[in-house]
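Participant: I have a structure I would like to understand better, so I am pasting it below and will then ask my questions one at a time.
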Amino acid sequence: MKTVYADNAATTALCDEALEVMVSCLRDNYGNASSMHHSGQAAAEVVAQAREDIAKCIGADAGEIYFTSGGTESDNWAITNAARLGAKKGKKHIISTTFEHHAVLHTLMKLEKEGFEVTYLDVHEDGYVRVEELEKAIKDETCLVTIMYANNEIGTVQPIEEIGKICKEKGIYFHTDAVQAVGHLPIDVKAQKIDMLSFSAHKFHGPKGIGALYCRKGIPLIGFMQGGAQERNKRPGTTNTPAIAATAAALKKSCAEMDKNIEYVSAMRDRLIDEIIKVIPRTRVNGGRSPRLPGNVSFCFEGIEGESLLLYLDLKGICGSSGSACTSGSLDPSHVLLALGLPHEIAHGSLRLSLSEYNTNDEIDYIIEQLPLVVERLRDMSPVWEKIMKGDN
Amino acid sequence: MAYSAKVMDHFENPRNLGKMENADGVGEVGNAKCGDIMKIYLKIEDGVIADVKFNTFGCASAIATSSMATEMIKGQKVEDALKLSNKAVVEALDGLPPAKIHCSVLAEQAVKAALADYYTKNGIELDPAIFGNGSCGGHCDGCDSCGIEG
């Protein structure tokens with residue numbers, strides 16, 4: 001059976017360029033980048049070049065990039081650091097949104113327990129923050145605004161530049177979790193006035209376990225672990241040369257081919273959405289259609305449950321994901337779908353298909369052929385669908 | 001979290017799937033808000049479950065436990081079917097992930113609810129020792145009737 005991989009928001013396949021440089025670092029350029037000898041210095045050169053390349057891709061300076069283990073670590077670090085800086089000035093108010101990734105939400109919850117106040121902005125039915133609501137939420141004590149660049153479940157892209165402008169005017173730090181956006185959308189941290197930005201390499205065909213935090217020059221950054229002097233004394237731990245080199249290779253490629261990829265992937269996305277809502281009744285698209293991540297497709301199908309949908313699709317070779325309670329391991333469906341105001345019973349029937357430039361139009365045809373059959377099979381056995389059809393619901 | 005081969009088999013090829021006209025007993029338990037609803041139909045002849053059908057809205061383990069439960073009670077005497085426990089369903093499926101145990105509880109309750117309906121239709125009083133105070137209302141928040149989290 002052929003695999004149709006449509007879960008690129010979860011992770012992506014490694015690109016050849018990243019794989020090759022990774023293998024060469026592991027096999028040949030294995031020195032410790034902190035060592036003085038020529039073997040170590042060869043590794044240090046690879047890391048320095050990678051840092052340059054990565055910085056250029058997002059409009060930053062090399063000195064503003066700190067390598068981490070990925071998006072979660074970068075989010076934790078950026079938010080905690082900004083909160084500490086705020087607290088020193090007696091500013092203990094943070095603004096975020098209700099549909100952030102748990103790496104952000106759980107960090108904020110921890111800070112709330114430590115006495116910080118957090119305002120969670122509504123993302124409305126369409127999954128977009130309203131800039132005027134952000135402005136209204138700002139207080140004298142606000143030290144940080146942390147709003148994701150694009151949502152991982154529903155793909156809505158937030159008004160980052162406008163948020164950056166407001167924060168700059170008010171002198172408030174602005175952090176964005178850009179895990180879903182880097183390598184997929186054009187980003188310029190200077191033009192967009194972003195103070196801190198988190199990203200993860202495996203979302204743009206890089207390796208897992210590596211990411212970075214961009215932290216604007218001038219913002220004091222305090223490390224949260226004790227150890228060696230790596231990452232300019234901010235983030236100890238032996239430099240992960242192979243992963244860093246592979247991140248740079250993947251990001252350079254993604255950015256060089258970005259315009260082409262956006263056009264190709266968003267055309268597949270739109271065709272998939274348009275066909276499915278035409279063919280399957282009582283289907284809704286989660287989140288506004290534009291601006292939206294090029295690869296994000298998110299549906300709710302009434303009368304069925306997401307985990308069984310996911311697993312029946314898997315039996316057809318199609319890999320997707322769901323925000324149903326059963327896949328989240330709790331009684332509640334995804335907080336993102338609930339943040340849109342969807343009732344539980346609708347949110348249970350969610351399906352996310354996330355595409356990349358590795359997908360083909362033949363694969364989209366196959367999904368368009370199989371998905372309605374799977375939804376129909378589940379609706380045929382669903383007492384909830386029976387009630388909907390009888391008009392009791 | 002991985003399902004056993006038995007769970008996947010019953011999910012892929014559910015036994016006794018469907019609806020039933022003129023059933024002698026019908027039971028529906030669960031709540032769409034919580035993500036699981038099971039409906040079981042019984043045809044009873046001479047005190048024996050001659051046929052059984054089910055419809056389920058829910059995850060793979062909800063479908064698999066419904067399928068297994070119907071298979072286990074088909075051909076059984078009514079009083080024996082009443083003894084079906086969620087534990088027996090879990091064992092027959094070679095286990096369920098901890099977060100999915102509640103599906104087996106729902107399957108047991110669906111069978112009991114269908115049998116209660118059969119008794120009621122036939123003017124037989126329900127024994128509270130067996131049927132308790134009825135099936136789960138599906139209000140998972142703060143409910144401790146099945147005693148299982150998640």
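Participant: Out of all DSSP beta bridges in chain A, what portion is antiparallel? Express it as a percent rounded to 5.
Facilitator: Approximately 55 percent, going by the DSSP bridge assignments.
Participant: Same structure again: Report the rotationally averaged projected area of region A:72-139 based on its alpha-carbon convex hull, in square nanometres.
Facilitator: Taking the Cα atoms of region A:72-139, their convex hull projects to 4.7 nm² on average.
Participant: Still on this structure, I have one more. How about region A:1-77: which trypsin sites (Lys or Arg not before Pro) there lie in a loop by DSSP and see at most 10 other Cβ atoms within 10 Å?
Facilitator: Qualifying residues, ordered by number: A:Lys2.
Participant: Can you find, among A:Ala55, A:Leu121, A:Ala245, the residue farthest towards the positive end of the dipole of the protein assembly as shown? Put +1 on the C-beta of Lys and Arg, -1 on that of Asp and Glu.
Facilitator: With unit charges placed on the Cβ atoms, the residue in question is A:Ala55.
Participant: May I ask you to derive the relative contact order of region A:149-249, considering only C-alpha pairs under 8 Å and at least 6 residues apart, and to give it as an integer percent?
Facilitator: Dividing the mean separation by the residue count of region A:149-249 yields 19 percent.
Participant: Between the DSSP loop rule and a limit of at most 15 other Cβ atoms within 10 Å, which trypsin sites (Lys or Arg not before Pro) in region A:81-110 are left?
Facilitator: Here the sparse-neighbourhood loop sites are A:Lys89.
Participant: Oh, and also: How much space per residue, in cubic angstrom, does the convex hull of the C-alpha atoms of region B:54-129 take up?
Facilitator: Per-residue hull volume (Cα only) is 95 Å³.
Participant: Would you compute the Debye intensity of region A:1-60 from its alpha-carbon atoms alone, equal scatterers and no solvent, and pass along log10 I(q)/I(0) at q = 0.13, 0.23 Å⁻¹ to two decimals?
Facilitator: The computed values of log10 I(q)/I(0) come out as -0.52, -0.99.
Participant: What does the charge dipole of chain B about its Cα centre add up to, to the nearest 20 debye, if the Cβ of each Lys and Arg holds +1 and the Cβ of each Asp and Glu holds -1?
Facilitator: So the dipole magnitude of chain B works out to roughly 240 debye.
Participant: Further, regarding this structure: Would you be so kind as to identify which of A:Ala87, A:Leu108, B:Pro14 lies farthest towards the positive end of the dipole of the protein assembly as shown, taking Lys and Arg as +1 and Asp and Glu as -1 on Cβ and the Cα centre as origin?
Facilitator: A:Ala87
Participant: Taking Cα pairs under 8 Å and at least six residues apart, what relative contact order does chain A come out at, in percent?
Facilitator: Normalised by residue count, the contact order of chain A is 22 percent.
Participant: I need the Kirkwood Rh of region A:257-390: take the reciprocal of the average 1/r across all distinct C-alpha pairs and report it in angstrom.
Facilitator: Evaluated over region A:257-390, this radius sits at 15.2 Å.
Participant: Note down the magnitude of the dipole of the protein assembly as shown about its Cα centre, charges +1 on Lys and Arg C-beta and -1 on Asp and Glu C-beta and zero elsewhere, to the nearest 20 debye.
Facilitator: So the magnitude is around 1420 debye.
Participant: Hey, another quick one. Assigning unit charges at the beta carbon (Lys, Arg +1; Asp, Glu -1) and nothing else, what dipole magnitude in debye, to the nearest 20, does region A:1-118 show about its Cα centre?
Facilitator: For region A:1-118, the charge dipole is close to 640 debye.
Participant: Enumerate the aspartates and glutamates that B:Lys74 could reach by cross-link, defined here as Cα to Cα under 12 Å, with residues fewer than 8 away along the same chain left out.
Facilitator: Those aspartates and glutamates meeting the cut-off are B:Glu45, B:Asp51.
Participant: Compute from the Cα atoms of chain A the Rg and the Dmax, the latter being the longest Cα-Cα distance, and quote both in angstrom.
Facilitator: Here Rg and the maximum Cα pair distance are 21.8, 77 Å.
Participant: If you bin the C-alpha pair distances of region A:312-364 every 10 Å from 0, what whole percents do you get?
Facilitator: Whole-percent P(r) values from 0 Å outward: 23, 43, 27, 7.
Participant: Moving on to the next point. What is the Cα coordinate range of region A:171-307 on the first, second and third principal axes, sorted by size from largest, in whole angstrom?
Facilitator: Cα spread of region A:171-307 along its principal axes, largest to smallest: 58, 35, 34 Å.
Participant: If you keep only loop residues by DSSP, which GluC sites (Glu not before Pro) in region A:204-281 have at most 13 other Cβ atoms within 10 Å of their Cβ?
Facilitator: A:Glu257
Participant: Students often get this wrong, so check it: of A:Lys89/A:Lys208; A:Lys110/A:Lys136; A:Lys278/A:Lys390; A:Lys208/B:Lys6; A:Lys88/A:Lys170, which have C-alpha atoms separated by over 28 Å?
Facilitator: In this structure, A:Lys89/A:Lys208; A:Lys208/B:Lys6 exceed 28 Å between Cα atoms.
Participant: Test of understanding: given chain B, find the longest segment containing no GluC sites (Glu not before Pro) that are in a DSSP loop and have at most 13 other Cβ atoms within 10 Å.
Facilitator: B:22-124
Participant: Now a separate question. What's the Kirkwood radius of region B:5-131 in Å, using all Cα pairs?
Facilitator: Averaging 1/r across every pair of different Cα atoms and inverting gives 14.2 Å.
Participant: How large is the convex hull of the Cα atoms of region B:1-67 per residue, expressed in Å³ as a whole number?
Facilitator: 89
Participant: If you don't mind, another one. Can you give the mean number of other chain Cβ atoms that lie within 10 Å of the Cβ atoms in peptide A:369-381?
Facilitator: Shielding by partners across A:369-381 averages 2.
Participant: Follow-up. If you bin every alpha carbon distance in region A:221-262 into 10 Å steps from zero, what whole percent lands in each bin?
Facilitator: 27, 30, 26, 16, 2
Participant: Give me the percent relative contact order of chain B, please, defined on Cα pairs under 8 angstrom at least 6 residues apart.
Facilitator: Computed value for chain B: 28 percent relative contact order.
Participant: Taking the dipole about the Cα centre of the protein assembly as shown, with the C-beta of Lys and Arg at +1 and of Asp and Glu at -1, give me whichever of A:Pro383, B:Asn55, A:Gly349 is farthest to the positive side.
Facilitator: Comparing the listed Cα positions along the dipole, A:Gly349 ranks first.
Quick note: the coordinates plus some simple rules give every number you see, no bench work behind them. Bear in mind that the values here come from a model prediction, so they are computed numbers and not experimental data. Glycine also receives a Cβ, built like all others from the backbone with ideal geometry; neighbour counts cover every protein chain displayed.
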